[in-house]
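Below is one structure, written out as structure tokens; comments come after it.
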Amino acid sequence: MDPVAVTFLVVGGAGLLVLVLSLVVGEIGEFGGDVDGPFSVPAIAAFLGGIGFGGAAASALLPDLPGVATVLLSLLAGLVVALPLAAGALRLSASLRDMPTEPTLTDDRLLGTQGVVVSAVPAGGFGEVRLSVGGQQLKYSARSEAALPAGTPVYVVDTPSATSVEVVSTAPEPSGGPTP
């Protein structure tokens, strides 16, 4: 195998090694630090991999040229591959870092949430409700002043604890008005 290609393959392998280390050991010991931009670990790894593997491919495809010409043309081809890879790594890591997420669920976020009774709630006692919070279905113990049968749509009016809610029915009352 051509020594120029082997050298470029070693550089590409070093880029892969840097990337794997940052992914596997990144959180342990702060490997790579908190650097953003062109000197971030993903950008450096992509750049090294692009130069190495792009240069190795170019040296294998080039006809027999003098050693210096092969190295320079392979390096140029590696740079042509490396620059878009590093830019792509920067954009990808920035989009992952800046991705919007749902805030942490707190008792206050449950207020006003709508759901449905899954286990009947006796008047003054506890039953269970299923609430839709942030796209997830969550079950909570529920209390109500009025008895609520399973299937009743409800609205959260209070959160007495982290695992229980106080609810009122949102079901329409019968047309005859409330019954005594």
Note to self: Taking the condition of being touching a Gly at 6+ places or on another chain (Cβ under 9 Å) and part of a loop (DSSP other than H, G, I, E, B), how many residues in the range 104-137 meet it?
What the structure shows: 2
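Conditions (1) aliphatic (A, V, I, L, M); (2) within 17 Å of residue 171 (Cα to Cα), marked per residue:
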residue: 98; (1), (2): no, no
residue: 122; (1), (2): no, yes
residue: 131; (1), (2): yes, yes
residue: 141; (1), (2): no, no
Note to self: Can you tell me which of (1) assigned to a strand (DSSP E or B); (2) modelled with pLDDT under 95 is the one residue 180 doesn't meet?
What the structure shows: (1)
Next item on the list: Determine if the range 59-73 includes at least one residue that is out of contact with any Phe, Trp or Tyr (no Cβ under 6 Å at 6 or more places or on another chain) and modelled with pLDDT of 90 or more.
Entry: yes
Check: Which of the residues belonging to the range 72-108 are under 16 Å from residue 142 (Cα atoms) and out of contact with any strand residue (DSSP E or B) (no Cβ under 6 Å at 6 or more places or on another chain)?
Finding: 108
Notebook entry, point to check: Does the range 138-158 contain any residue that is surrounded by 10 or more Cβ atoms within 10 Å (Cβ to Cβ), touching a residue at least 12 places away in the same chain (Cβ under 8 Å), under 30 Å from residue 22 (Cβ atoms) and not small (Gly, Ala, Ser)?
Noted result: no
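The values are calculated or read from the model by the stated rules, or taken from the named source; none is laboratory data. Just so we're clear, the structure is a prediction, and the values are computed from it rather than from any experiment. Cβ atoms come from the backbone with ideal geometry, glycine included; neighbour counts cover every protein chain shown.
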